[in-house]
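Only one structure is covered here, and it is reproduced in the block below.
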Amino acid sequence: MTAYALAYAACCCWPAGSGRAGIRKTFLLGLIAFGLTSAGAAVATNPGELVIFRALQGASAAFVSPAALALLDTSSVTASGAREPSVGGPPPARPAA
C-alpha cells in the first residue's frame, strides 16, 4: 500500500470540514494544498521526503474529491429550484404547442 492511498483512504473516512468551511472553500484549499504538495514531491531530494509529500497529496486529494462532486451536484439546480437533465438522461418534457 502506498502512502498516497493510505492517506486518501484515512481522510475520506474522516468527516471533512465542508459543512463548516463551505464546499467551495474546501475545494479551493484542497486544490492549493494538492498543488503545493505536488511541487514539493517534484523537488524532493530523498525517498523519505517523497513519501511524506505523496502522503500529503493523498490527504489533500481526499478533500478535493467530495467537494468536487458536491459542486457538480449543486451546479445542476436552476434558479427556480428545478434540476437540469443529466448527460445521457431523458430529455426534458416539451410543452404542447
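Looking only at the stretch 23-55, filter to residues that are modelled with pLDDT of 90 or more and charged (D, E, K, R); which one of those is farthest from A67 (Cα to Cα)?
Restricting to residues being modelled with pLDDT of 90 or more and charged (D, E, K, R), the top hit is E49.
Can you give me the number of residues within the stretch 56-94 that are closer than 17 Å to Y8 by Cβ, among the polar types (S, T, N, Q) and at pLDDT below 85?
1
I need the full set of residues from the stretch 30-57 which are over 21 Å from the mean Cα position of the chain (by Cα), in a helix (DSSP H, G or I) and surrounded by 14 or more Cβ atoms within 10 Å (Cβ to Cβ), in order please. Before the answer, list the steps.
Of all residues in the stretch 30-57, those over 21 Å from the mean Cα position of the chain (by Cα) come to 42-51.
Add one more test, that the residue is in a helix (DSSP H, G or I), and what stays is 42, 47-51.
Residues satisfying the conditions are L50, V51.
Scanning for something modelled with pLDDT under 95, assigned to a helix (DSSP H, G or I), of a type in the set (S, T, N, Q) and surrounded by 13 or more Cβ atoms within 10 Å (Cβ to Cβ), does the stretch 15-22 turn up at least one residue? Break it down stepwise before answering.
Of the residues in the stretch 15-22, the ones modelled with pLDDT under 95 are 15-22.
If we keep only those that are assigned to a helix (DSSP H, G or I) too, we end up with 18-21.
Restricting the remaining residues to those that are of a type in the set (S, T, N, Q) gives 18.
Imposing the further condition that a residue be surrounded by 13 or more Cβ atoms within 10 Å (Cβ to Cβ) reduces the set to 18.
So far as the stretch 15-22 goes, yes, one or more of its residues are modelled with pLDDT under 95, assigned to a helix (DSSP H, G or I), of a type in the set (S, T, N, Q) and surrounded by 13 or more Cβ atoms within 10 Å (Cβ to Cβ).
The values are calculated or read from the model by the stated rules, or taken from the named source; none is laboratory data. Predicted model, so just to flag it, every value in this text is computed and none were measured. In this analysis, Cβ positions are derived from the backbone assuming ideal geometry, glycine residues included, and neighbour counts consider all displayed protein chains.
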